[in-house]
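**Q** Pasting a structure here, questions to come.
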Amino acid sequence: MPLVVLKSSRLTWVRLAALLFTCVAFSVAAHGGAVGGGMADWSIFCWAFSFAGTLLVLVVEVMGLQSRAPVSWTNFPITFACYATLLCLSASIIFPLYFLKGQTVYNEVRDHRIVSTVFSCLATVAYFVEVSLTRAQPGEVAGYMATVPGLMKVCETFVASVIFVFVSDPISYDSHPALKWCMAVYCICFIISAGIVVMCVGECTGWLPFPFARFLSAYALLAVAMYLSATIIWPIFKFDSRYSRSSSRPSYCQNIQGLCPWDKLVAVAVLTALNFLIYLADLAYSARLVFVTA
């Protein structure tokens, strides 16, 4: 007989709450929200993906199948919860921005959209609480993804993914070689950070021909230098009048629902700086890990 193996009843209730909130969010939006387009698809994907992943985690833990899972169960649940937090947070921002702000729709449709937004925010809080409950505490032995540097890797990959969305619609990195360098920075750092997450979840870190901790420290140093260059280069070549015609916000942006192309350029600049700060903090933690354990 399968046994119920749960870390804590509080954690179980938090996961059940996240399951309920995400289910309501995408069900209400799909049923009566009258939404369509890429941003609607993204929001519904965020909620549905989070719902499916949480259901999987609950089923595995209720059935006591952690030892049979093809991934590290000390790393997978918190990794997923962190991604779900960021996904639901992005949906909580994007959905009202595109489907509530400045929209003139029937009362019932608007009510459905408000309900989806509220439950998306509740799901974000629930997943954040789950991450707080499952992350490693000082002095506790836990998987890498439950530590602060591990959670930072999740944030780094997610922020880079959002940058990819903004720079590709419309394409805004092909007007100058310096901007192509910024795109290379985003791609290289995303691939390596995503590879680290996959290796940790798949328990493949031992396959490296060198110490994993030293690799993390060296990579964090490289990423900080690369993102520092992108943080400086992107605003110069996108907002300086000597290199670009978009030094100020165009007037037509006032009439566009959601984000206009200029707003996306600003968002890329802000997200690049944000990822630089995350990598800088990651470097501090990784260097501490190397020199304390060496």
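The numbers here are math on the coordinates, done by the rules we state, and not lab data. Being a predicted model, the structure only gives us computed values, none of them experimental. Using ideal geometry, Cβ is built from the backbone for each residue, glycine included, and neighbour counts are taken over all protein chains shown.
**Q** Which of the peptides 199-208, 249-258 is most tightly packed, and how do the rest follow, going by the mean number of other Cβ atoms within 10 Å of each residue?
**A** Result, highest mean first: 199-208, 249-258.
**Q** While we're looking at this one, here's another question. Give me the percent relative contact order of the chain, please, defined on Cα pairs under 8 angstrom at least 6 residues apart.
**A** 20 percent
**Q** From the phi of every residue in segment 121-136, what ³J(HN,Hα) in whole Hz does the Karplus formula 6.51 cos²θ - 1.76 cosθ + 1.60 yield, where θ is phi - 60° and glycine or proline is x?
**A** Karplus values, whole Hz, x for Gly and Pro: 5, 5, 5, 4, 5, 4, 5, 5, 5, 4, 4, 5, 6, 9, 6, 5.
**Q** While we're looking at this one, here's another question. Relative to the Cα centre, what is the charge dipole magnitude of the chain, using +1 at the beta carbon of each Lys and Arg, -1 at the beta carbon of each Asp and Glu, and rounding to the nearest 20 debye?
**A** With Lys and Arg at +1 and Asp and Glu at -1, about 300 debye.
**Q** For n ≥ 4 DSSP H runs only, could you compute -39500 (n - 2.57) per run for the chain, divide by its residues and tell me the 222 nm figure to the nearest 500?
**A** One gets -25000 deg cm²/dmol as the mean residue ellipticity at 222 nm.
**Q** Could you rank the peptides 125-131, 230-236 by their average count of other C-beta atoms within 10 Å per residue, with the highest value first? Could you put the intermediate results ahead of the total?
**A** Details: 125-131: 22.1, 230-236: 19.4.
Answer by packing, highest mean first, reads 125-131, 230-236.
**Q** Kindly write out, for segment 175-181 in residue order, the coupling ³J(HN,Hα) from the Karplus curve 6.51 cos²θ - 1.76 cosθ + 1.60 (θ = phi - 60°), rounded to whole Hz, with x marking Gly and Pro.
**A** 8, 7, x, 5, 6, 5, 5
**Q** State which entries of Lys101/Lys238; Lys153/Lys180; Lys180/Lys238 exceed 20 angstrom in Cα-Cα distance in the structure shown.
**A** Beyond 20 Å between Cα atoms: Lys101/Lys238; Lys153/Lys180.
**Q** Work out how much length Ile232 to Ala69 would gain on full extension: take 0.36 nm times their residue separation and subtract the Cα-Cα distance, in nm to one decimal.
**A** Working it through step by step, the gained length comes to 54.3 nm.
**Q** Mind ranking 148-154, 217-223, 64-70 by how tightly packed they are, going by the mean number of other C-beta atoms within 10 angstrom, highest first?
**A** Packing order, densest peptide first, comes out as 148-154, 217-223, 64-70.
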